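Asker: Okay, handing you the structure first.
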Amino acid sequence: MDDVFCLPGTLNPEDVSGKIVVCIRGENSKVEISLGVKEAVAAFSSRGPNTRTPEILKPDVLAPGVNILAAWTGAAGPTGLGEDKRRISFNIKSGTSMSCPHVSGLAALIKSMQKWSPAAIRSALMTTAYYTYKNGKTIQDIVTRTPATPFDYGAGHVDRVAALDPGLVYDITVEDYIRFLCASNYTKEQIKTVTKRNFNCNNGKKKYSVGDLNDLSFAVPLKAASDEDGGTNRSTTVTYTRTLTNVGTSPARYRVKVSKVDAVKISV
């Protein structure tokens, strides 16, 4: 556990070389904190699973959010305490509110260069994200001190360069989102409140499925043996539909690669 404090001899030089390292304050000196760092899922990071809609994997991405130098209000001191009478223009803060501006800036950068929809921009940020270090090891969770999972990092850490050329994107239209609301059992009145449109999910014989939202990130909830319609010898088939749009060079050829998952058969 000494490596979380960045004590001498506890950090792998190959992992921290040329990087800024975030360490827990303790017995270490302030100088040691600046020796090096690699990405990790912070303790305050928002995590999954998505309890409201488990078919959609959350979170989306990781972005810098620890010890960020940012503009600071003149209405409060750097500590935010009422008795702190100091006034500064900038402060070092950590939190998801520090990550958000990074992703927003990347989205604006992409928008300035590509005429893509918000969903396509989000797709580009997610499909080009990375979740391993250069040595191939998975990004660590600072809380558990173990490799993080997709419920911690989502698609991975945003890559500002790769996001400009994702090749394929998962685009989503307003109509797609409305159908998603129908599948989520929103009423006609609720849908109108959100979309400012009159849309009746009960018109026609259309069956709506949450799994059909053209979101690039999804999860597959499987029935447990203890579930009402589950069983130890029963199999469950789940079908999701996705459509991809080529925004790269054309013509182009892409190949699907599926990672092996024990006890689950996946076909594309």
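Asker: Hey, does the range 229-247 have a residue that's surrounded by fewer than 13 Cβ atoms within 10 Å (Cβ to Cβ), among the charged types (D, E, K, R) and either modelled with pLDDT of 90 or more or closer than 25 Å to Val61 by Cα (or both)?
Answerer: no
Asker: Another one. What residue, among those in the range 142-183 that are touching a residue at least 24 places away in the same chain (Cβ under 8 Å) and among the acidic types (Asp, Glu), is least open to solvent (accessible area, probe 1.4 Å)?
Answerer: Asp152
Asker: Further question: With the requirement that a residue be open to solvent by 30 Å² or more (accessible area, probe 1.4 Å) and among the small types (Gly, Ala, Ser), what does the range 117-130 give you?
Answerer: Residue satisfying the conditions is Ser117 alone.
Asker: So, in the range 67-108, how many residues would count as being open to solvent by 50 Å² or more (accessible area, probe 1.4 Å) and touching a helix residue (DSSP H, G or I) at 6+ places or on another chain (Cβ under 8 Å)?
Answerer: Of the residues in the range 67-108, 0 are open to solvent by 50 Å² or more (accessible area, probe 1.4 Å) and touching a helix residue (DSSP H, G or I) at 6+ places or on another chain (Cβ under 8 Å).
Asker: Would you please name the residue that is farthest from Ala43 (Cα to Cα), looking only at residues in the range 80-107 that are part of a helix (DSSP H, G or I) and among the β-branched types (Val, Ile, Thr)?
Answerer: The selected residue is Val103.
Asker: Looking at the structure I just gave you, is Gln114 closer than 29 Å to Ala42 by Cβ and open to solvent by less than 70 Å² (accessible area, probe 1.4 Å)?
Answerer: When the stated conditions are applied, Gln114 does not pass them.
Asker: Tell me whether the range 64-81 contains one or more residues that are in contact with an Asp or Glu (Cβ under 9 Å, 6 or more places away or on another chain), under 30 Å from Val210 (Cβ atoms) and not aromatic (Phe, Trp, Tyr).
Answerer: No, the range 64-81 contains no residue that is in contact with an Asp or Glu (Cβ under 9 Å, 6 or more places away or on another chain), under 30 Å from Val210 (Cβ atoms) and not aromatic (Phe, Trp, Tyr).
Asker: Suppose we filter the range 108-126 for residues that are among the small types (Gly, Ala, Ser) and assigned to a loop (DSSP other than H, G, I, E, B); how many remain?
Answerer: 1
Asker: Quick one: Pro59 ticks every box in (1) modelled with pLDDT under 90; (2) open to solvent by less than 50 Å² (accessible area, probe 1.4 Å) except a single one, so which number is it?
Answerer: Status for Pro59: all satisfied but (1).
Asker: On the given criteria, is Thr239 in contact with a helix residue (DSSP H, G or I) (Cβ under 8 Å, 6 or more places away or on another chain), over 30 Å from Ser45 (Cβ atoms), in a loop (DSSP other than H, G, I, E, B) and in contact (Cβ under 8 Å) with a residue 24 or more places away in the chain?
Answerer: yes
The values are calculated or read from the model by the stated rules, or taken from the named source; none is laboratory data. In this text the structure is predicted, and so the values were computed from the model without any measurement. So basically every Cβ, Gly included, is an ideal-geometry build from the backbone, and we count neighbours across all protein chains shown. Please note that ligands, DNA and RNA were not included when accessible areas were found on the heavy atoms of the full protein model with its side chains. Shrake-Rupley method; radii C 1.70, N 1.55, O 1.52, S 1.80 Å.
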